[in-house]
Amino acid sequence: MAIRQMLRRSLSSERRSAEVPKGHLAVYVGDNEKKRFVIPVAYLNYPSFQELLFQAEEEFGFNHPMGGLTIPCSQELFVDLISAFSSR
């Protein structure tokens, strides 16, 4: 399954349930309008994702406005980044 289809499916699943499958993590991404993405926890091991986490810590500390982990980047950049993870 293509990563973009998986993300779209995770967004539609959000409407049905706020639960996150085992082995996954919900993050909120976007500059203005935040969207929820459900990603595998394995992505936390990638240095480029760790850089996003560092940026999130710098911007939000441990007070995330959406109630979950908020990533401070555009949705397009985030999708491109995690698409690269799935092709590895």
**Request:** Loop only per DSSP, at most 11 neighbouring Cβ atoms within 10 Å: give me the chymotrypsin sites (Phe, Trp or Tyr not before Pro) in segment 23-88, ordered by residue number.
**Result:** 62
**Asked** Cα gyration tensor of segment 27-80, axes a ≥ b ≥ c as square roots of the eigenvalues: rounded (a/c below 1.5), prolate (a/b > b/c) or oblate?
**Response** rounded
**Fill in**
For residue 73 and residue 60, extending 7 Å from Cα along the Cα-Cβ vector and measuring point to point gives, in nm, a value of 1.5
**Request:** Could you work out how far apart the two model spin labels at residue 83 and residue 31 are, taking each label as a point 7 Å from the Cα in the direction of the beta carbon, and quote it in nm?
**Result:** 1.8
**Complete:** Any residue on another chain or 5+ positions along whose placed amide H is under 5 Å from the amide H of residue 70 is listed here as 28
**FRET efficiency for residue 19 and residue 44, using Cβ-Cβ distance with R0 set to 22 Å, rounded to 0.05** = 0.70
**Prompt:** Tell me, what HN-Hα J-couplings in whole Hz come from the Karplus equation 6.51 cos²θ - 1.76 cosθ + 1.60 at θ = phi - 60° for each residue of segment 30-44, using x for Gly and Pro?
**Reply:** x, 6, 9, 8, 8, 10, 8, 10, 10, 10, x, 5, 4, 5, 5
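Here, each number is a calculation from the coordinates, and none is a lab measurement. Predicted, not measured: the structure shown is a model, and the values here were computed from it. Please note: Cβ atoms are built from the backbone with ideal geometry, for glycine as well, and neighbour counts cover all protein chains shown.
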